[in-house]
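The structure under discussion appears below in the form of structure tokens.
The values are calculated or read from the model by the stated rules, or taken from the named source; none is laboratory data. Not measured: the values here are computed from a predicted model. Quick reminder, even Gly has a Cβ in these numbers, built from the backbone with ideal geometry, and neighbours come from all protein chains shown. We work out accessible area using only protein heavy atoms, side chains counted, and drop any ligands, DNA or RNA first. Shrake-Rupley method; radii C 1.70, N 1.55, O 1.52, S 1.80 Å.
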Amino acid sequence: MLSDTGASNVPGDVTNPFITKLTTSPRKGRVSPAEESIATLREGMGRMDISSRGNSLDYLHMERKDSKESSNRRELDRFVPSRPASLHHSSHSSSTLPTLALDGHSPDTSMDRSNSTITDPTTSSLSATLGVPASNRRILSFRSAPPPASHATSHLDAQRNYLLHSSASANRGTGTNASGKEGTKKRAPPYVPERVLDAPGFEDDYYLNLIDWSCANRVAIGLGDTGYVWDAESGTVNALGGGEETTEDRPKVTAVSWSNDGAYLAVGTDAGEVEVWDVEEGKKMRTMGGHSARIPSLSWYGHVLSSGCRDGSIYHHDVRVARHKVMDMVGHNAEVCGLTWRSDGQFLASGGNDNVVNCWDGRIGASVLQTGEGVPRGVAKWTKRNHTAAVKALAWCPWQSSLLATGGGTADKHIHFWSTSTGARTSSLQTSTQVTSLQFSPHSKEILGTHGYPDNTITLWNYPSLEKIWEVPAHDSRIICSALSPDGTTVCTGAGDENLKFWKVWEVKQTKKDRDEDHTGLNGRNKNSVRIR
């Protein structure tokens with residue numbers, strides 16, 4: 001037990017740092033110089049007033065005055081070390097001192113001494129460097145705003161913001177669009193095509209459709225007066241009819257189109273005839289006439305083959321019967337350069353050189369009107385005249401069946417989106433060049449456009465935000481037409497520079513079943529994949 005020290009004349013145990021009270025009672029009403037020094041030091045540290053209370057020489061003078069007594073009685077606060085003497089006479093370079101913000105408010109001088117002056121060389125040097133007048137002004141302040149970034153560190157701020165933005169994008173994994181909906185995953189544009197094929201004699205005519213890609217992974221190309229089939233699996237090329245030389249002049253090929261099962265190829269000619277070829281056998285099955293001019297557009301649905309003519313007429317041909325013409329569609333007064341069936345066969349879309357877009361009912365023979373030959377005559381379900389140039393580019397959306405996209409020529413440079421249910425235009429997109437073809441992606445909500453003069457590019461947009469994802473220069477001349485691979489990942493483009501280029505635009509999203517089949521001996525290929533040799 002500790003003894004009572006109040007009545008003892010023996011000094012306390014000063015070796016114990018937690019016993020700092022002397023046994024002798026101080027005189028009533030008097031304060032020792034050491035206690036006054038500690039009180040003054042704490043007051044100056046609490047107020048952070050370097051200009052008026054930061055005079056370290058006053059504190060050291062008081063400490064030296066009572067040095068002998070403090071060494072024996074430990075009156076100083078042991079948690080506040082004495083200031084090193086090297087700091088009192090050290091010179092501070094103005095180039096290494098940071099700029100500190102001054103308190104804009106008046107300092108609290110209620111506790112300042114009227115006769116306080118700056119006598120410390122360190123404090124004087126600091127005040128002179130910072131431009132602080134020798135008065136009761138606070139240098140350190142916690143109420144004023146932080147100093148703005150200087151121009152010397154602006155590049156560091158830019159790098160920091162870039163890294164923060166990159167990190168946020170990486171965490172999301174997708175880009176954001178203006179509508180705030182789910183964006184598209186960022187990927188590099190296909191600056192280099194997967195493959196390039198030479199196509200000598202490829203006609204540089206905006207109104208022709210000379211490329212089509214079948215579900216059997218075969219590409220049909222019309223070159224001059226001959227149609228060719230390139231097998232993407234084996235890389236072999238076969239000419240229709242064997243490419244035999246004949247003495248008679250054959251009409252030029254103006255359009256090609258594969259049947260839905262990929263077994264037959266329809267070829268439109270400059271003579272107004274439609275030829276149907278069996279590709280496996282390599283022979284012509286039949287020739288269907290009736291048009292009075294060239295046929296620049298063809299489209300299949302089942303056993304019905306639709307053909308668009310330069311005179312503005314559209315015929316439906318039933319390839320199974322001898323009297324093949326089963327319906328005559330009247331709605332254009334100029335060349336029909338765009339023609340495509342919807343995948344379910346409910347509607348047929350057509351575009352012409354008269355700047356008109358027509359949507360036709362897909363029911364064959366349902367019209368009560370008839371031609372002089374007794375053939376039913378169809379009338380368009382709705383007609384749109386918003387384009388100011390020829391409409392060749394047509395595309396049905398695979399994931400929204402009622403959505404139709406149409407693109408105009410040089411004088412128009414617009415892509416319009418239509419609802420076939422109501423006939424209303426849902427949105428429009430202005431481009432910088434003529435639109436020659438459009439392809440919707442079956443894997444993502446995107447649409448690809450091919451363009452002609454003056455840029456000759458392929459461009460990818462997001463839908464429905466219509467934000468441009470990338471644009472790539474594709475050919476040296478304008479792109480005439482394009483075709484989509486059966487797996488929906490690769491686009492083939494043909495241009496006036498007599499080249500066919502294959503662009504890997506999208507990726508197939510494999511399901512768990514497809515991945516399992518890949519690991520069970522299908523040589524790394526699933527049933528939906530397409531290989532280009």
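What is the residue count in the range 453-471 for residues that are open to solvent by 40 Å² or more (accessible area, probe 1.4 Å) and touching a residue at least 60 places away in the same chain (Cβ under 8 Å)?
Selection size over the range 453-471: 4.
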Check your understanding: Scanning the range 323-338 for residues that are assigned to a strand (DSSP E or B) and surrounded by fewer than 22 Cβ atoms within 10 Å (Cβ to Cβ), which turns out nearest to the chain's Cα centre (by Cα)?
Key -> VAL330
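Across the range 280-313, what is the number of residues that are part of a strand (DSSP E or B) and either touching a Leu at 6+ places or on another chain (Cβ under 7 Å) or among the aromatic types (Phe, Trp, Tyr) (or both)? Walk me through how you get there before you give the answer.
Taking the range 280-313 first, the residues part of a strand (DSSP E or B) are 283-288, 297-301, 304-308, 313.
Then keep just the ones that are either touching a Leu at 6+ places or on another chain (Cβ under 7 Å) or among the aromatic types (Phe, Trp, Tyr) (or both); that gives 297-301, 305-308.
Selection size over the range 280-313: 9.
Could you list all residues from the range 292-309 that are open to solvent by 40 Å² or more (accessible area, probe 1.4 Å) and either out of contact with any strand residue (DSSP E or B) (no Cβ under 7 Å at 6 or more places or on another chain) or over 24 Å from VAL356 (Cα atoms) (or both)? Write out each step before concluding.
Just the residues of the range 292-309 that are open to solvent by 40 Å² or more (accessible area, probe 1.4 Å), to begin with: 292, 301-303.
Result: SER292, GLY302, HIS303.
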Revision key, fill the gap. Scanning the range 274-322 for residues that are modelled with pLDDT under 95, acidic (Asp, Glu) and closer than 19 Å to VAL336 by Cβ gives ASP311
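Condition check ((1) surrounded by 19 or more Cβ atoms within 10 Å (Cβ to Cβ); (2) touching a strand residue (DSSP E or B) at 6+ places or on another chain (Cβ under 7 Å); (3) over 16 Å from CYS337 (Cα atoms)) across all residues:
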site: LYS381; (1), (2), (3): no, yes, yes
site: LYS413; (1), (2), (3): yes, yes, yes
site: LEU438; (1), (2), (3): yes, yes, no
site: PRO473; (1), (2), (3): no, yes, yes
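Checking the condition in contact (Cβ under 8 Å) with a residue 40 or more places away in the chain, over 18 Å from ASP212 (Cα atoms) and surrounded by fewer than 21 Cβ atoms within 10 Å (Cβ to Cβ), which residue from GLY282, GLY312, GLY289 passes?
Answer to the selection: GLY312.
What number of residues in the range 320-347 are of a type outside the set (Ser, Thr, Tyr) and touching a Leu at 6+ places or on another chain (Cβ under 6 Å)?
Here is the first cut: in the range 320-347, the ones of a type outside the set (Ser, Thr, Tyr) are 320-339, 341-342, 344-347.
Pick out the ones that are also touching a Leu at 6+ places or on another chain (Cβ under 6 Å) and you get 338, 341.
Residues that pass the stated criteria total 2.
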Review point. Within the range 343-378, restricting attention to residues that are outside any loop (DSSP other than H, G, I, E, B) and open to solvent by 20 Å² or more (accessible area, probe 1.4 Å), which residue is modelled with the highest pLDDT?
Key: PHE347
Practice item. Mind counting the residues in the range 473-498 that are modelled with pLDDT under 95 and in a strand (DSSP E or B)? Key: 1
